[in-house]
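The structure appears below as structure tokens.
The values are calculated or read from the model by the stated rules, or taken from the named source; none is laboratory data. Keep in mind that what you see is a predicted model, and the values were worked out from it rather than measured. Because the Cβ atoms are built from the backbone with ideal geometry, glycine has one as well, and the counts that use them run over all protein chains shown. To get the accessible areas, we keep the full protein, side chains included, count just its heavy atoms, and leave off ligands, DNA and RNA. Shrake-Rupley method; radii C 1.70, N 1.55, O 1.52, S 1.80 Å.
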Amino acid sequence: MTSDRSRVAGGRRAGPLIVTEDAELLDDLLRLCAAAGAEPQVHHGVPEEKGCWEDAPMVLVGDDAAARCRGATRRRGVMLVGRDQDDPDVWRRAVEIGADCVLRLPDAEGWLVDRIADAAEGVGRQALTVGVIGGRGGAGASTLACALAVTAARAGRRTMLIDGDPLGGGLDVLLGGEQTEGRRWPDFAASKGRVAGGALEESLPRLHELRVLSWDRGDAVVVQPEAMRSVLAAARRRGGVVVVDLPRRIDEAMAEALAQVDLGLLVVPAELRAVAAAGRVASMVGMVLQDLRAVVRGPYATGLDERWIAGALRLPLVGELPWEPGLAQAQDGGAPPGSSARGPLAAFCTAFWERALAGEGSVSP
């Protein structure tokens, strides 16, 4: 028998399959599904409908229904759920139905909400996340971050650009979209708990075929570390690529951001003072981010080249960030960095993505 509450809203991805006759447990599981934004199916035993058990994103079997599920097809994503903390037979029942794990409520509620939300969003491969940071002020990190995002979006990749630098003036300005409606960092700064990836994506301004989380022009706000962790995790769950423009100072929130970055690009102007400053930045960033690489920007001081600079910083070299004639004038006219598909900056970014995505972050120096 299928409960009326098992119907899936049109256009929404199905939530978990719940198998139980325990009314109290069912109420708890429905509450957790609602918190995760998922629409579950509810059955008293293994569903008779073909594929219902096999195709559900996850299956939550109540302790009371374990015996009725013994003959069900073995699959991943089955969890045995109950409340009795001292049940000596729970693991035997879990083995009999091929459960991945045993969950006891209310202790496991927070963890289970996250797993239900993942299932409802259809989480697959997480986004390749690239962080860009300047070796010194004015190095061109924001320009490169925007160009990487614009280039990825133009190639048809799902792309999110996140402005991690509250003192940078806002990447939406660099993209010519400061008046575009959508949520900015102050709306998320105090977020606690899970942020839904789909809701995040839909709430942000859409500029040049990508989504942008930027700062507004209001008073400064402090992004709590938990909020940074939740927002970045939500962005990554959507897949594709995420580009994060990072500040040079490392506080707790930025440490949370760096912990979710797959590959970092340190933009270093080719002058001795910039190399010295970049060395300090690399030292701090390297305490959190394992894969940090150098991008060198000319013009070059006498006696310097990109390989010497990368060697001095003890970082792998991604390449030389090319100079693009007319870039400043194009930005004044509302065209973001990387918007000229035939320009040298776009060519650099295209080559970077081809290497990075071919190896999922393994960019050959």
Checklist entry - Given H placed on each backbone N at 1.01 Å, which residues far from residue 18 in sequence or on other chains put an amide H within less than 5 Å of it? => result 41, 42, 43, 60
Checklist outcome for this item: Only helices counted: for the chain, with every DSSP H run of 4 or more residues adding -39500 (n - 2.57) and the sum spread over all residues, [θ] at 222 nm is -10000 deg cm²/dmol
Checklist outcome for this item: Note, segment 305-314: 3J(HN,Hα) by Karplus (6.51, -1.76, 1.60, θ = phi - 60°), whole Hz, Gly/Pro = x, goes 9, 5, 6, 5, 5, 4, x, 4, 8, 6
Item to check | Cα centroid separation - segment 115-154 against segment 234-309, whole Å | outcome: 14 Å
Checklist outcome for this item: So, over other residues within a Cβ distance under 11 Å of residue 94, counting Lys, Arg +1 and Asp, Glu -1, the net charge is -3
Next on the checklist: Accessible area per residue for segment 210-365 in Å², computed with a 1.4 Å probe and the full protein assembly in place, what is it?
Outcome noted: 47 Å²
Checklist entry - With every protein chain present, what accessible area does residue 208 have (1.4 Å probe, heavy atoms only), rounded to the nearest 10 Å²? => result 80 Å²
Next on the checklist: Using amide H atoms built in the peptide plane, which far-off residues or other-chain residues are under 5 Å from residue 291 H to H?
Outcome noted: 264
Item to check | Backbone HN-Hα couplings from phi across segment 223-231 [Karplus 6.51/-1.76/1.60, Hz, Gly and Pro as x] | outcome: 7, 5, x, 5, 5, 4, 4, 5, 5
Item to check | Mean-position separation - Cα centroids, segment 157-204 and segment 57-73, in angstrom | outcome: 41 Å
Checklist outcome for this item: The percentage of the accessible area of segment 187-335 (probe 1.4 Å, all protein chains present) made up of carbon and sulfur atoms, to the nearest whole number, is 50 percent
Checklist entry - What is the gain in length, in nm to one decimal, between residue 351 and residue 276 on full extension, counting 0.36 nm per residue of separation less the C-alpha to C-alpha distance? => result 24.2 nm
Checklist entry - Going by a ≥ b ≥ c, the root eigenvalues of the Cα gyration tensor, does segment 181-228 fall in the rounded group (a/c under 1.5), the prolate group (a/b larger than b/c) or the oblate group? => result oblate
Checklist entry - What fraction of the DSSP beta bridges in the chain is antiparallel, stated in percent and rounded to the nearest 5? => result 5 percent
Checklist entry - By its C-alpha gyration tensor, with a ≥ b ≥ c as the square roots of the eigenvalues, how is the chain shaped: rounded for a/c under 1.5, else prolate for a/b larger than b/c, else oblate? => result prolate
Checklist entry - How far apart, in nm, are the 7 Å Cα→Cβ label points at residue 358 and residue 95? => result 4.9 nm
